[in-house]
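Below is one structure, written out as structure tokens; the observations come after it.
The values are calculated or read from the model by the stated rules, or taken from the named source; none is laboratory data. All of these numbers come straight from a predicted model, not from anything done at the bench. Methodologically, a virtual Cβ is constructed for each residue, glycine included, from the backbone with ideal geometry; neighbour enumeration extends over all protein chains shown. Please note that ligands, DNA and RNA were not included when accessible areas were found on the heavy atoms of the full protein model with its side chains. Shrake-Rupley method; radii C 1.70, N 1.55, O 1.52, S 1.80 Å.
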Amino acid sequence: DTGVSQDPRHKITKRGQNVTFRCDPISEHNRLYWYRQTLGQGPEFLTYFQNEAQLEKSRLLSDRFSAERPKGSFSTLEIQRTEQGDSAMYLCASSPSQRAYNEKLFFGSGTQLSVL
Amino acid sequence: KQEVTQIPAALSVPEGENLVLNCSFTDSAIYNLQWFRQDPGKGLTSLLLIQSSQREQTSGRLNASLDKSSGRSTLYIAASQPGDSATYLCAVMNRGSWGKLQFGAGTQVVVTP
């Protein structure tokens, strides 16, 4: 399977703990995106990378959130000092080239985070 | 500020009936509009992408139209099947926001045998 891969699929943590999610995009896709989706809502944009450069971050991404994409391959999203409001599905997506305004995004299956 | 709305939030139809799903948006300055399917607890699968210069796109039993001037898109699914049961989301890519999609809340569809 050469689709977007996310790990883990599910994560349960206690409030105040740190968590890290990983996303492996489709090989050779230049752009990588992180979205967050809560129950009954559409996904909301968090941040995106063009190769290894993080080009934009949403205001939703507080200082407790950090994302990296070393060497322009896989990406990690870390949440420090988790809060119950962080409980959501975290989705990763990738697209193939720099002409992103008319390309489809390919999504992974997501990481479901539950903060107790 | 762009707003994307999908009405109704849920829809139930008998198998074989055609499905009509609506999406509206408030700002016509978009690069494209995309339709996605999401199964429970899963990620999103891209169905159709309509560029701002296009009026419609078709793939198999799916047809999506775009009327940018009125801020509307419609997804038609012909001869629905129980396997079409899922949540359908529309999303716009606003001009000046390359690669970023703004989603509606989705329409949950149930096709009964």
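Below are the figures for this structure:
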| quantity | calculated |
| --- | --- |
| Flag if residue B:42 is within 9 Å of chain A (Cβ to nearest Cβ), closer than 16 Å to residue A:41 by Cα and of a type in the set (Lys, Arg) | yes |
| Flag for residue A:46 being part of a loop (DSSP other than H, G, I, E, B) and not basic (Lys, Arg) | no |
| Criterion: within 14 Å of another protein chain (Cβ to nearest Cβ), closer than 23 Å to residue B:44 by Cα and surrounded by fewer than 17 Cβ atoms within 10 Å (Cβ to Cβ) - qualifying residue of A:32, A:60 | A:60 |
| Residue in region B:52-70 that is of a type in the set (D, E, K, R) and within 14 Å of chain A (Cβ to nearest Cβ) present | no |
| Where a residue in region A:1-22 is crowded, with 16+ Cβ neighbours inside 10 Å and its partner, wherever it lies, is of a type in the set (A, V, I, L, M) and assigned to a loop (DSSP other than H, G, I, E, B), with Cβ under 9 Å and at least six apart | A:4/A:26; A:13/A:116 |
| Leading residue by the ranking (least open to solvent (accessible area, probe 1.4 Å)) among those in region B:25-82 that are closer than 24 Å to residue A:38 by Cβ and in a loop (DSSP other than H, G, I, E, B) | B:43 |
| Subset of region A:39-55 [closer than 17 Å to residue A:97 by Cα and facing chain B (nearest Cβ under 9 Å)] | A:48, A:50, A:55 |
| Hey, residue B:37 more than 14 Å from chain A (Cβ to nearest Cβ) and charged (D, E, K, R) or not | no |
| Residue that is nearest to the chain's Cα centre (by Cα) [pool: residues in region A:70-116 that are more than 20 Å from residue A:5 (Cβ to Cβ), in a loop (DSSP other than H, G, I, E, B) and facing chain B (nearest Cβ under 10 Å)] | A:98 |
| Inter-residue pairs, beta-carbon under 7 Å, first at pLDDT 95 or above and in region A:68-88, second open to solvent by 50 Å² or more (accessible area, probe 1.4 Å) and basic (Lys, Arg), 6+ apart | A:74/A:22; A:76/A:22; A:82/A:15; A:83/A:15; A:84/A:15 |
| So residue B:26, is it more than 14 Å from chain A (Cβ to nearest Cβ) and among the hydroxyl-bearing types (Ser, Thr, Tyr) | yes |
| Contacts under 6 angstrom Cβ, first residue in region B:87-113 being more than 10 Å from every other protein chain (Cβ to nearest Cβ), partner acidic (Asp, Glu), 6 or more apart | B:111/B:15; B:111/B:84; B:113/B:15 |
